[in-house]
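Peer 1: Okay, handing you the structure first.
The values are calculated or read from the model by the stated rules, or taken from the named source; none is laboratory data. Source: prediction; values computed, not measured. Ideal geometry is used to build each Cβ from the backbone, glycine not excepted, and the neighbour counts take in all protein chains shown.
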Amino acid sequence: MTDHPDRTAAGRNFIRAIIAADVEAGKHGGAVVTRFPPEPNGFLHIGHAKAICLSFGAAAEHGGVTHLRFDDTNPETENELYVRSIQEDVRWLGFDWGDHLYFASDYFERLYEYAVELIEAGLAYVDSASEEEIREYRGTVTEPGRPTAYRERSVAENLDLFRRMREGDFEDGAHVLRAKIDLASSNMLMRDPVLYRIRHADHYRTGGDWCIYPLYDFTHCLSDSIEGITHSLCTLEFDNNRELYDWILDHLEVPQPQPRQYEFARLNVEYTLLSKRNLLRLVEEERVEGWDDPRMPTVAGMRRRGIPASALRAFCDMIGVAKTENRVDFAKLEYAIRDELNPIAPRVMCVLRPLKLVVDNFPEGKLEELEAPYFPEDVGKEGSRLVPFTRELLIERDDFEEDPPKGFRRLVPGGEVRLRYGYVVRCADVVKDENGVVTEVHCTYDPETKGGSTPDGRKVKGTIHWVSASHSLPTEVRLYDRLFSVPDPEKGGDAEDFTVHLNPDSLTVLTDSRIEPSIKADPADTTYQFERTGYFVHDGVDSRPDHLVFNRTVTLRDSWAKARKAAEVGAAGREAAENGAEEARPSKTAREPTGGKGSVGVRVRDHR
RNA sequence: UGGCCCGUCGUCUAAUGGCAGGACACCGGUCUUUGGCACCGGCGGUGAUGGUUCGAAUCCAUCCGGGCCAACCA
């Protein structure tokens, strides 16, 4: 899995430096045990991928192990479906927890005993104040908290009450167990944090065994301790929790040395959001088709989109680990994807928005099979397929211009262009409908240029992709763009609903695309490069032999589109209206018009 | 507002008192039967002000800016 050799270089980030120093110093006997502790209440996303790469990577670097532990202490939000998807996703990412699969819910009995120990030491008490009261008595960041009426209960009374809480003698919310620490602490988390609450709810694993459930701060440090974790890595927002993490372990009889918590900055990516709460909203409100919608930043979504696990790992390597708040450029992810796919994705030809091209001097009914390599020279991989060449072909609508802009290197009236792996053709004539829309391009081909070479040495500047009109396969193609139209959709906080920033153009469905027939013989999970357009993969959910569906993983870099865009700056949004014709809304199934008429002038939206 | 954390090219990230480096992006070029890939070159940064030091991104102080914390969520 070390596809990047320098990954093992010591001290590549501050956490790995700490771990390396600890190993060097012989702490924990030189052992490294980390853990990845997801709560099974949602799907894993790219932010988790960063945490997974860090925790698994840092341990593996020293021959250590990483535990997968479900932090399942909240029966109301967690379930089995999430447990399964999380395991599948971690495995798919390429990491192995071996035998070390754990559940915090398996520790409930031991946790209960630890709580009793705390009570016996006079360090925890049962508080019978209401939730509102406790909140009010906690004070604010500028005012200290005050004790409720129950803070000085005797150990015996606390023990009895806590036992009866477990027995089910009380209603939800009647009592809680609190640590007795410091109500005046400047760290709000130290103001007698709640350790246990009563919740008469069935847990997806323990069923009705318990009606009291431990909270995060109590559960997490002790779970780490129980499992012999050495380095407990989490994100920055748990910084304030560390003091409590240490306090609990310091005041209980636990194995030494204790695990230490280290925090790093969570990942943010431009034009997306990574909070599980809001991702869940997108799913529940059907703004997307589900957790695995290819537009989602979830591991499942990215997998369906065609992003290889190796690209995600490479991306995590590239972004590093630090404590600085960050928002990573979307282009960095795209780079990682292209960089992984370029050497492994076989090239095939698919025409996204077809325009008929008739080769006038090619015999009607004649079929010529042309050999086309799957990889360009520089990739250096063997393999080729035959592509059928016929009198009637289909080319990309964008590849013909009657009135070409400066620098246009494709087909124009009277001009020559090379059909990839085929012949050089010259445009002789154009057929238009009553609206002046081009419906057919007529060409003549030069038989001497078979395969694309020019024996006479003349330069043909443009090469375009094509398919046979009669032998190509119809396919649906789904083009994805960023889910949000602003770099930080959650910026407004709760004051603003992030859904207003959803990009209405995040999905474009093309229904009359045509692909070369060779792909019929390939495994369904093949990731292709459609020449000149991008990387595509069969949609794992909707694609069938009789109804092909391809997802665009990422576009190819397109310096022509970039140049065009730059040229148009200042020319105002003159094409806004035309673009509007092909947009589909998220989760809706609007289709691009299938006739030539409506789709003329439509440009492939650039991914940027 | 009290506490804690964090400020380095546009973005991400190195430099642990000793030449501010890399990646992505961007710009220019070479190559090219993908306007892809590759290669070459360029642009561009230590939030501010003081102080300590032969020497400060690094240590200290103040200020400015950003983030987290007042769930019986994690």
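Peer 1: Just give me the residues in the stretch A:11-49 being of a type in the set (V, I, T) and away from RNA strand B (no atom under 12 Å from the Cβ), in sequence order.
Peer 2: A:V23, A:V32, A:V33, A:T34, A:I46
Peer 1: If I filter the stretch A:60-74 for residues that are crowded, with 19+ Cβ neighbours inside 10 Å and part of a helix (DSSP H, G or I), do I get at least one hit?
Peer 2: yes
Peer 1: Restricting to the stretch A:223-257, give me the number of residues that are within 13 Å of RNA strand B (Cβ to nearest atom), in contact (Cβ under 8 Å) with a residue 60 or more places away in the chain and out of contact with any Asp or Glu (no Cβ under 9 Å at 6 or more places or on another chain).
Peer 2: Adding up the residues that qualify gives 1.
Peer 1: Let me ask you something else. List, please: which pairs have Cβ atoms under 6 Å, are six or more places apart or on different chains, and start with a residue in the stretch A:355-380 that is over 18 Å from A:N342 (Cβ atoms) and end with one that is within 14 Å of RNA strand B (Cβ to nearest atom) and assigned to a loop (DSSP other than H, G, I, E, B)?
Peer 2: From the stretch A:355-380, the pairs are A:L370/A:Y421; A:L370/A:G422.
Peer 1: Go through the stretch A:113-133 residue by residue and tally those that are surrounded by fewer than 19 Cβ atoms within 10 Å (Cβ to Cβ) and within 16 Å of RNA strand B (Cβ to nearest atom).
Peer 2: Our first condition is that a residue be surrounded by fewer than 19 Cβ atoms within 10 Å (Cβ to Cβ); within the stretch A:113-133, this holds for A:113, A:116-117, A:120-123, A:128-133.
Remaining after also requiring within 16 Å of RNA strand B (Cβ to nearest atom): A:128-133.
Total satisfying the criteria: 6.
Peer 1: Quickly run through the stretch A:34-49 and pick out the residues that are touching a strand residue (DSSP E or B) at 6+ places or on another chain (Cβ under 6 Å) and of a type outside the set (K, R).
Peer 2: Correct list: A:T34, A:F36, A:P37, A:P40, A:F43, A:H45.
Peer 1: Select from the stretch A:367-407 the residues that are in contact with a Lys or Arg (Cβ under 9 Å, 6 or more places away or on another chain), in a loop (DSSP other than H, G, I, E, B) and within 11 Å of RNA strand B (Cβ to nearest atom) and list them in ascending order.
Peer 2: If the condition is that a residue be in contact with a Lys or Arg (Cβ under 9 Å, 6 or more places away or on another chain), in a loop (DSSP other than H, G, I, E, B) and within 11 Å of RNA strand B (Cβ to nearest atom), then A:Y374, A:F375, A:P376, A:E401, A:P404, A:P405, A:G407 are the ones that fit.
Peer 1: List pairs: first residue in the stretch A:477-492 and under 29 Å from A:L548 (Cα atoms), second residue modelled with pLDDT under 95 and surrounded by fewer than 16 Cβ atoms within 10 Å (Cβ to Cβ) anywhere in the structure, Cβ distance under 8 angstrom, at least six positions apart or on different chains.
Peer 2: Listed by first residue and then by second, the contacts come to A:L479/A:R605; A:D481/A:R605.
Peer 1: Out of the residues in the stretch A:304-313 meeting the condition of being of a type in the set (A, V, I, L, M, F, W, C) and crowded, with 22+ Cβ neighbours inside 10 Å, tell me which one is nearest to RNA strand B (Cβ to nearest atom).
Peer 2: Among those that are of a type in the set (A, V, I, L, M, F, W, C) and crowded, with 22+ Cβ neighbours inside 10 Å, it is A:A311.
Peer 1: Here is a further query. Which pairs have Cβ atoms under 7 Å, sit 6 or more apart or on different chains, and link a residue in the stretch A:92-116 that is part of a loop (DSSP other than H, G, I, E, B) to one that is hydrophobic (A, V, I, L, M, F, W, C) and within 16 Å of RNA strand B (Cβ to nearest atom)?
Peer 2: Note: pairs meeting the criteria are A:L93/A:A49; A:L93/A:I52; A:L93/A:L312; A:F95/A:I52; A:W97/A:L68; A:H100/A:L68.
Peer 1: Moving to a separate point now. May I ask you to verify whether A:G422 is assigned to a loop (DSSP other than H, G, I, E, B), in contact with a strand residue (DSSP E or B) (Cβ under 7 Å, 6 or more places away or on another chain) and surrounded by 15 or more Cβ atoms within 10 Å (Cβ to Cβ)?
Peer 2: Against the criterion (assigned to a loop (DSSP other than H, G, I, E, B), in contact with a strand residue (DSSP E or B) (Cβ under 7 Å, 6 or more places away or on another chain) and surrounded by 15 or more Cβ atoms within 10 Å (Cβ to Cβ)), A:G422 qualifies.
Peer 1: Identify all residues within the stretch A:6-17 that are at pLDDT 95 or above, in contact with a helix residue (DSSP H, G or I) (Cβ under 9 Å, 6 or more places away or on another chain) and of a type in the set (A, V, I, L, M, F, W, C); write none if there are none.
Peer 2: The answer is A:I15, and nothing else.
Peer 1: For residues that are touching a residue at least 60 places away in the same chain (Cβ under 8 Å) and within 7 Å of RNA strand B (Cβ to nearest atom), tally how many sit in the stretch A:184-198.
Peer 2: So the answer is 1.
Peer 1: Are there any strands (runs of 3 or more DSSP E) wholly within the stretch A:507-578 with 2 or more residues that are within 16 Å of RNA strand B (Cβ to nearest atom) and modelled with pLDDT under 95, and if so which?
Peer 2: none
Peer 1: Could you pull out the residue among A:L81, A:L101, A:L93 that is crowded, with 17+ Cβ neighbours inside 10 Å and of a type outside the set (S, T, N, Q)?
Peer 2: Criteria check complete, one pass: A:L93.
Peer 1: Hey, any hits in the stretch A:344-362 for a residue that's assigned to a helix (DSSP H, G or I) and surrounded by fewer than 22 Cβ atoms within 10 Å (Cβ to Cβ)?
Peer 2: No, the conditions are met nowhere in the stretch A:344-362.
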